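Here's the structure we're looking at; comments come further down.
The values are calculated or read from the model by the stated rules, or taken from the named source; none is laboratory data. As the structure is a prediction and not an experimental result, all values here were calculated from the model. In this analysis, Cβ positions are derived from the backbone assuming ideal geometry, glycine residues included, and neighbour counts consider all displayed protein chains. SASA here: full protein model, heavy atoms, side chains in, ligands and nucleic acids out. Shrake-Rupley method; radii C 1.70, N 1.55, O 1.52, S 1.80 Å.
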Number of protein chains: 4
Amino acid sequence: MTGPSSLIQDVAHLGSVELLTPRFTDSQWYFRDVLGMEVVHAAGSSVYLRGYGDYAASTVKLTEAKAPGVGCISWRAVSPEALERRAAAIGETGLGLGWSEGDFGRGKSYRFRDPDGHLMEIYYEETKYRAPEHLKSALKNLPMKYTGRGVGVRRIDHLALLARDVAANRRFMQERLGFRLREQVIFDQGKAEIGSWLSASPVHHQVAYVKDVKGGHGRLHHFAMWVDNREDVLRAASLLSEQGVFIEAGPSMHNNSQGFYLYTYEPGGNRVEVYSGSYLVFAPDWEPVTWNEKERGTGVYWGGALPQSFLEYATPDISIGDAASTEKVPVFDPA
Amino acid sequence: MTGPSSLIQDVAHLGSVELLTPRFTDSQWYFRDVLGMEVVHAAGSSVYLRGYGDYAASTVKLTEAKAPGVGCISWRAVSPEALERRAAAIGETGLGLGWSEGDFGRGKSYRFRDPDGHLMEIYYEETKYRAPEHLKSALKNLPMKYTGRGVGVRRIDHLALLARDVAANRRFMQERLGFRLREQVIFDQGKAEIGSWLSASPVHHQVAYVKDVKGGHGRLHHFAMWVDNREDVLRAASLLSEQGVFIEAGPSMHNNSQGFYLYTYEPGGNRVEVYSGSYLVFAPDWEPVTWNEKERGTGVYWGGALPQSFLEYATPDISIGDAASTEKVPVFDPA
Amino acid sequence: MTGPSSLIQDVAHLGSVELLTPRFTDSQWYFRDVLGMEVVHAAGSSVYLRGYGDYAASTVKLTEAKAPGVGCISWRAVSPEALERRAAAIGETGLGLGWSEGDFGRGKSYRFRDPDGHLMEIYYEETKYRAPEHLKSALKNLPMKYTGRGVGVRRIDHLALLARDVAANRRFMQERLGFRLREQVIFDQGKAEIGSWLSASPVHHQVAYVKDVKGGHGRLHHFAMWVDNREDVLRAASLLSEQGVFIEAGPSMHNNSQGFYLYTYEPGGNRVEVYSGSYLVFAPDWEPVTWNEKERGTGVYWGGALPQSFLEYATPDISIGDAASTEKVPVFDPA
Amino acid sequence: MTGPSSLIQDVAHLGSVELLTPRFTDSQWYFRDVLGMEVVHAAGSSVYLRGYGDYAASTVKLTEAKAPGVGCISWRAVSPEALERRAAAIGETGLGLGWSEGDFGRGKSYRFRDPDGHLMEIYYEETKYRAPEHLKSALKNLPMKYTGRGVGVRRIDHLALLARDVAANRRFMQERLGFRLREQVIFDQGKAEIGSWLSASPVHHQVAYVKDVKGGHGRLHHFAMWVDNREDVLRAASLLSEQGVFIEAGPSMHNNSQGFYLYTYEPGGNRVEVYSGSYLVFAPDWEPVTWNEKERGTGVYWGGALPQSFLEYATPDISIGDAASTEKVPVFDPA
C-alpha cells in the first residue's frame, strides 16, 4: 500500500519540549500546580511532566539552567524505518549531531539542530503512559484521570521559535522532516518572510518560525499546551491572576491560525501559552494562506492589540546585538 | 520520500454525505435555517450545502426520495495516484461499481459499495470554495463568513452506519481504504463486534459501523456536523427546541470517543448530530480501545441514558425482518 | 422613604443550609475537595464551609448525624427591625421555637419550623468573611481567592424541600417571610399543587416546595451551589465522574426556572446540585408561571428525561408510609 | 408589612434607554440583525426594540437625531404609590420636568433630569410583552422565542453616563431614587470621585456615573445588553468582526464589577456593550468597594489594556471645552 503521491508522513507529532529555567523550583510549581500537569519522573537536574490527555509518558521536561530558553525539541517518527529515513535526510545537510540513547521513556533518538541552532531530535520508540491506580481515569480511552488541579492542560500542542532566517528553517522542516506549510506572514511586498506556521499532521501547526527581531539564535518565542474549550482559557486567566502569574496577552483570538490564546511567563521566564480553538487542515492540496502587513495587523482577530513585548521578548532574553544567546545556546550557521 | 512503514494515507477525509429525504423542502429548511448551512447549488432533485468552515464547495447533498436514508458517501483521496490505487484495491473485492464523471464541484469518482451495501465513492479533484462577495469572511483563512444563522455548524465531521456484519465492513475500510481502528465495542467475551470506530486521519473517527439490530442493510444511524465549542452544542439544543425539532438525546458526553453530542431528527427522518469535543489520535502505534458490556454501559460518560430509539431507529426505518430497506437501498452481499 | 406598596423585602437571602450526614469525613471530602469549598470553622460534630464568592463567613454547615437530611435552614433579614418583624409574624402562627444565640459568625436568630416541619431560622447580624493572607483574591471585590480546586462553586444558591402540603408551606413563606411566587406546577386541572418556586429577591427562586410522594415530613430534595457558567457545570460532571461520585441527572436544562442543573449525591446521601443559568425576575408585578401535566413533562427543557429516583428519592430516605422520618425530624402539623 | 429599616425599593429596574442616532437605518440594522433584537413598534422617527428575555414590550428606543447620544432613560417604579413618592422626592430638588402621558406600552411617567442634565423618567404601568404566534417560545417562562439571530442579546442590563460632577449625580440617584452604591473609583487620596456604580436591585449596577474628562454634559459612555454566557460574548466578537462592526475593547474582564465585556460602536456612534458575568449583591449591609489609582489600573482584571478612546470618547462627541454637547442636550446645573 505504497507508491507515488501518497500522503507520506514520517513525523507523527511533536513529542516533547525541554524548557530551561533558572528558577527550577518555581517553574515546577507553575507547571504542576498552576497548569495542573503531572510530574512523572525526575533525573539529575530535570523533571518530566505530562498533560492528562498525553498518551506518552512525558511531554514537558524542565531542566535547571542559568538562563531560560528551549532545550531539546523532540519529534516522534511514525515507525523505525521513518526514523532512519529522517536521520539520513537530516544527516545530508550537515546539521546532524548523531544518535543518543534516548531520554526518559523512549528509545534511541537522532539529534540535530535546525539551521537557526535550536536543538532537536527524532525518535520512534515511546513508552505509553500507564497511570498508577490513583490516577486512573473513569474513561477507558483517557490515559490519566482529569484531576482538575489548576488549569488542567490536556496535552502538548505546539511551539514557536525565533530565527534569523525564517525561510531557511521553514524549508528545512519541509524538506527534511516532511512538514507542510499552513500560513505565512510575508511583508515588504512578498520579500520578507516574517513568520511561517508548519505541521506534520492535520493539526494547524506544531511549529512556527518567526523572525528574531533582535538577531539572536536558537531562541524560544513560546511553548503551548492545549485545553479543550475556550472557557478553559478564560478560567486559566483567572487562575493565573489569582496566583500572581504575569499575563502578557489574551485571552483572545489570533487572525492567522484562529488560535484562542493566553500568553503568560512561567517563573523561569519562558513564555507559555494556554491554547485552544484553531482549525484542522484536511485538504491534501492545501494552499498556504499568506498575510501582508495590512492583513496581518497585530495578529489579532479581535481583542486588545498584542503588546510590544510580544514582538520583542523571547528566551533567552538578549539585547539587540547581544552575543549572550550564542553563548548559552550553541549556534549553527549552515553554510 | 517513500518507503516501508511510512504512515501512508490515501484517503484524506470524508468529503460529503448525501442524505435522502421524503420531505425535501422541510429538510432544506433544517439544514439551511436551523443548522445554518449555506446552499451553494441545486440540480435535479438535489441541493448542495456547506458549513462555513468547509474548504470544499459542498459537503452535504440533500436529495428528494421516497424514504430517508443515506445516498452516496464520498471520500477524498490525497492525490490522483492514491485515487487510482484505492480504486484498484476496491475493484479486487468485486464491490466496485465503476467510474462516474463526478458530482458538483468534483472530478471523476470511483463508486463502490461497502460489504453492507452502503453506496460510496472516492475522488480526488475538488473545487475549493470561493465565497461570493457578501459571504467573504473577515478572516483570510476562513473559506466563508460565519453568518451566525441558526446553529452555525462549522464543517462536516463523521457518519455512523449500521451493518449486519460489523467486522466485515470494518475490515473493508481498513484493508481497502487504509482506515485505522480507534475504538470498538465488543460483547459476549470478545466474540460479538457491536461497533467499530475508524478514521483515515488523526480525527478520532470519520466513520463508525454499528450492528443493525433489525437485520437491515445499507442503513444510516447518524450523520454529524462539527461545531467548535460545547457551548455551541448547548445553544443548538435551545435553537432546535424553539424550532420544534425533535431532540432524541444530549447534549451530553459519550464515553467511547469522548464526543459531546446532540442527536436530532431532521424533518426527513434522518438522525443528525451536532458534535464537538472528542480527541485527536496522534500515536502512530495507537492501540484500539475496546469496551465490553459493562464498560460500555449505554455509551454515556455522563448525562441521561440514551433512549431505546437510539439503539433501534435508523433510516430507512424498517420493522424487524422487514424487506423494506432492501427495496429502497439496493443491497450488496459479498459472496 | 416608606409607605404603602413599596417593594418591601424583610428577608435578604438564603444565608446557609445545614446538611446532616452519616458519613461525616466523606461528606467533608466531597464539599472541600470535589466541590472546592473552603473549611472555615469546626465545632462539635460540625464543620462550616463557604464558596469563594460568598460574602458571609460560612454558607454550608455539615453535621454528623445518624441519617442524611437537612438541619437548620437560615435566612438573613435585611435589618434588626426586619428580624423582629418576621419573628413576630412567625410567632403568631404557633410555629416559632424561640430565639437562639446564633451560630458561627452570626448574632441571635429566631428559630421556627415551616408547616412541614423543616427547621429554619432568621437572623440579621453576620460576620463578613475576611480572607487570611493566603486566600486573599487579586480582585478587591471578591471575598476570597478563586483557588480552582475541584468544581469551584461560587456561592450558595437555593434549596428544594419536600412537603406533604405544598400550598400550606408556600403560603407560609409568602405571608410570614415575604417571599414572592415565581413558578408553579399544578396538576389535576388546577387542583393539585405539585411544586412552587419562591424567592425573596430577584433571584428566580431561593426555595422550592415539592410534593413528598412518599408522604414524609421535613425532607430535603436537594441543595444547590452556584457556578457562573454552564461550562463550569459540564466540567463538574467530568470531575465528579473521575472522583466516582454518583451523578443522578444532568448536566441539562430545566423548563421551569430555566436552570442548568447537575444533580449528584454527596457521600452522606443528600442530593446536591451544581447550578447555573436560570433568570432574574425584575418585574414588580410578576405573574407566576404555571405548568400543567402536559406543559411540565418531566421538567426538562432538553436533555435526557429525569430518572425515577429524582421524583422518589429524598433525605432522609423512607419507604412509603414509613414513620422513620417523623422520628428523625420532629414534625409540625399546623392546625 | 412595613416599617423602619426594611429594604425599601421604589425603583424596580432600568426600563428602557433611548439612543439617538444620525444613521437611523444603519443603527436599526445593528440592533436588529447584529445584536438580534426584535422590532416591536415604530412611531415618528423612532423604532422600539426588545431582547428575547425582556418581559416588557420594549427596552430600547432608537430615535433619529443629528448627533448620537442618549435620549430618555426610563426607570420602572415598583407600584403606583412608589411612582408618586419618587416624583415628589425628585420634584423637591427642582430637577423635575413634569408628567408625560407615557411612551409606547406604558402609562404616565414623571420626567426629570439628573444633575448633569441627562433626561430621565420614572413610570409604573407597563404592558407585558405578548409574543405573536411566530415568536412564541417553547418555554412558557420565556416571553419570546430565542430566534438565534445575530448575537441574541437577552435583556437590557445597564448604562454608564458621563458627568462633570460624579458625586452630585451619585447622591441624586441614592437620595431621590433609592439606588445603592456598589463600587467606586476614587483617586487623589480619596478626593476625586472618578466613577460610581449603583443599582436599585441585587444586580451589581444598573447605572454608572463616570467623570467626563472633556467637561461635557449629558453624555453617554455606553449602554449594555445582557447575554447569559461568556461564550455568547466571544461569539458576539466574531459576529461583529464578520459584519465589520468596530470593536473597541474586549472580550475581556473588568476588575471592578467583574463584568465580562465587549465594547462596540453602533453605526450611529454610540458605544454599546455586550455584557455577561459580574456578580449579584445580596448583602443588605454591603460595604461599597473602592479602588484607588493603583488598584484600579486600567479597569481590567485580565486581557489587553483598555484603549485611550475608552476613556475619552463618548456621545455626543465633543472636543475639550466644546460647547456642542450643551446645545444638543439641554444642561441642568443644580444650584
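Here are some notes:
- You will find that of A:127, A:93, the residue that is β-branched (Val, Ile, Thr) and over 23 Å from residue A:161 (Cα atoms) is A:127 and no other.
- The condition of being surrounded by fewer than 21 Cβ atoms within 10 Å (Cβ to Cβ), within 23 Å of residue B:90 (Cβ to Cβ) and not charged (D, E, K, R) holds for only one of B:174, B:206, B:189, that being B:174.
- Residue B:33 of a type outside the set (S, T, N, Q) and assigned to a loop (DSSP other than H, G, I, E, B): no
- When the range A:33-68 is limited to residues that are open to solvent by 40 Å² or more (accessible area, probe 1.4 Å) and without any contact (Cβ under 8 Å) to a residue 40 or more places away in the chain, the one that is farthest from residue A:152 (Cα to Cα) turns out to be A:44.
- Hey, residue C:192 of a type in the set (A, V, I, L, M, F, W, C) and touching a residue at least 24 places away in the same chain (Cβ under 8 Å) or not: no
- Residue check, residue C:176 in contact (Cβ under 8 Å) with a residue 60 or more places away in the chain and of a type outside the set (Phe, Trp, Tyr): yes
- Hey, residue D:103 within 14 Å of chain C (Cβ to nearest Cβ), assigned to a loop (DSSP other than H, G, I, E, B) and either more than 20 Å from the chain's Cα centre (by Cα) or crowded, with 17+ Cβ neighbours inside 10 Å (or both) or not: no
- Pick from the range A:226-235, criterion assigned to a helix (DSSP H, G or I) and either of a type in the set (S, T, N, Q) or in contact (Cβ under 8 Å) with a residue 12 or more places away in the chain (or both), ranking: farthest from the other protein chains (Cβ to nearest Cβ): A:233
- Against the conditions (1) more than 14 Å from chain B (Cβ to nearest Cβ); (2) assigned to a helix (DSSP H, G or I); (3) open to solvent by 10 Å² or more (accessible area, probe 1.4 Å), residue C:238 satisfies every one except (1).
- Matching residues, the range B:248-258, being more than 11 Å from chain A (Cβ to nearest Cβ) and either more than 20 Å from the chain's Cα centre (by Cα) or under 30 Å from residue A:226 (Cβ atoms) (or both): B:249, B:250, B:251, B:252
- Looking only at residues in the range B:138-155 that are open to solvent by less than 20 Å² (accessible area, probe 1.4 Å) and among the β-branched types (Val, Ile, Thr), the one that is nearest to the other protein chains (Cβ to nearest Cβ) is B:151.
- Residue within the range C:13-20 that is open to solvent by less than 10 Å² (accessible area, probe 1.4 Å) and in contact with a helix residue (DSSP H, G or I) (Cβ under 6 Å, 6 or more places away or on another chain) present: no
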